[in-house]
Amino acid sequence: MKTKNKNLVSLEDLITQEYGAIGTVSRDTFEDGYNDFKIGIIIQQARKEKGMTQEQLAKKVGTSKGNISKIENNAKDVRFSTIKKIIEIGLGGQLDLSIKF
């Protein structure tokens, strides 16, 4: 029978320990950065699933390979219209948005 490691904490608890409670400035800053990071990873994974290189995706949407790389690595702020174009035209996907309160 396995025993529980009492030193383990959930990801949510770890984030709260490091960045504060939800609604604090430091937590909001972390969450914003994390969401930006997720967008880049989602695009990168979708591109790889389609078997495309960054160069192929860039050509399809009319941008540079470097720009795709920056988006995937979260090194640059990206316009919503650019993300939409990459997802819909470049990857043949559909962008779904939601608002949470």
### Message
I need a count of the residues in region 43-65 that are assigned to a helix (DSSP H, G or I), open to solvent by less than 40 Å² (accessible area, probe 1.4 Å) and either closer than 24 Å to GLU31 by Cβ or not β-branched (Val, Ile, Thr) (or both).
### Response
6
### Query
Does GLY33 satisfy the criteria of being modelled with pLDDT of 90 or more and surrounded by 10 or more Cβ atoms within 10 Å (Cβ to Cβ)?
no
### Task
Restricting attention to region 66-90, report how many residues are more than 23 Å from TYR34 (Cα to Cα) and surrounded by fewer than 13 Cβ atoms within 10 Å (Cβ to Cβ).
0
## Note on the structure
Of the residues in region 1-30, those that are open to solvent by less than 70 Å² (accessible area, probe 1.4 Å) and either touching a Ser or Thr at 6+ places or on another chain (Cβ under 8 Å) or in contact (Cβ under 8 Å) with a residue 12 or more places away in the chain (or both) come to ILE15, GLY20, ARG27, PHE30
### Message
Cβ-Cβ under 8 Å, sequence separation 6+ or interchain: first residue in region 70-90 and more than 15 Å from LEU57 (Cβ to Cβ) and touching a residue at least 40 places away in the same chain (Cβ under 8 Å), partner open to solvent by less than 50 Å² (accessible area, probe 1.4 Å) and of a type in the set (S, T, N, Q). Which pairs?
### Response
none
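The values are calculated or read from the model by the stated rules, or taken from the named source; none is laboratory data. These numbers were taken from a predicted model, which means no experiment stands behind them. When we count neighbours, we look across all protein chains shown, and the Cβ atoms used for this are built from the backbone with ideal geometry, even at glycine. Only protein heavy atoms, including side chains, enter the accessible area calculation; ligands, DNA and RNA are left aside. Shrake-Rupley method; radii C 1.70, N 1.55, O 1.52, S 1.80 Å.
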